[in-house]
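Please treat every number below as a calculation from the coordinates, not as lab data. Not measured: the values here are computed from a predicted model. Here the Cβ is made from the backbone with ideal geometry for all residues, glycine too, and neighbour counts use every protein chain on show.
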Amino acid sequence: MATRPGQLYKDDFYAWTRDQAAALRRLAERRWNGPLDLEHLAEEVEDLGSAQQWAVESQLERVIEHLLKLEHSPSPGPRRQWMISVNGARREIRRRLTPTIRREVEPQLAVLYNGGRRDAELGLLDHGEKEAARALPADCPYEFDDLVADEWWPANRHGLRDDD
């Protein structure tokens, strides 16, 4: 049993933070008489895991934003920068995504899509691409696995290629 927390820490940091916070709270309920502020320690440990989840959610919104721009923008100019942004966000997601975070985040894809869609819409409007902004789908057209896949890109609706 001593290796379980250590292994969980390596395999799924988010789950480890939840497990450790629960253990600290159980210890506090037993009125452990030690020098540690167990309740606040539990909150802080839990927050470490939450920060990982929030980072994944933020990066997913960034991926969605730039994939929408790649798919819907008629402009050939900023495509490489959008691809660079998607690649960077995917790297950050890979660094932080654990099985437990995925189980918690994947059902929230519609909410994350709304944030990424709004950013894409504002970015397109900022570049005078009103029709592209209006054409953004209301519902998420992407699967979670597509969003995190290294080499997956949506087809551009205007026939532009990303290798031009």
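Structural remarks
- Burial ordering of Y113, Y142, Y14, fewest other beta-carbon atoms within 10 Å first: Y142, Y113, Y14
- Percent RCO, i.e. relative contact order, over the chain, from Cα pairs under 8 Å lying at least 6 residues apart: 27 percent
- Inverse of mean 1/r across different Cα pairs in the chain, Kirkwood, Å: 17.8 Å
- A viscosity of 0.692 mPa s and a temperature of 37 °C, combined with the Kirkwood radius over Cα pairs in Stokes-Einstein, give a translational diffusion coefficient for the range 52-106 of 280 µm²/s.
- Sum of side-chain charges, A15 neighbourhood, beta-carbon under 12 Å (Lys, Arg +1; Asp, Glu -1): 0
- For the chain, the longest principal axis of the Cα atoms and the long axis of helix 109-126 meet at an angle of about 40 degrees.
- With R₀ fixed at 35 Å, the C-beta to C-beta distance from D145 to N33 puts the FRET efficiency at about 0.10.
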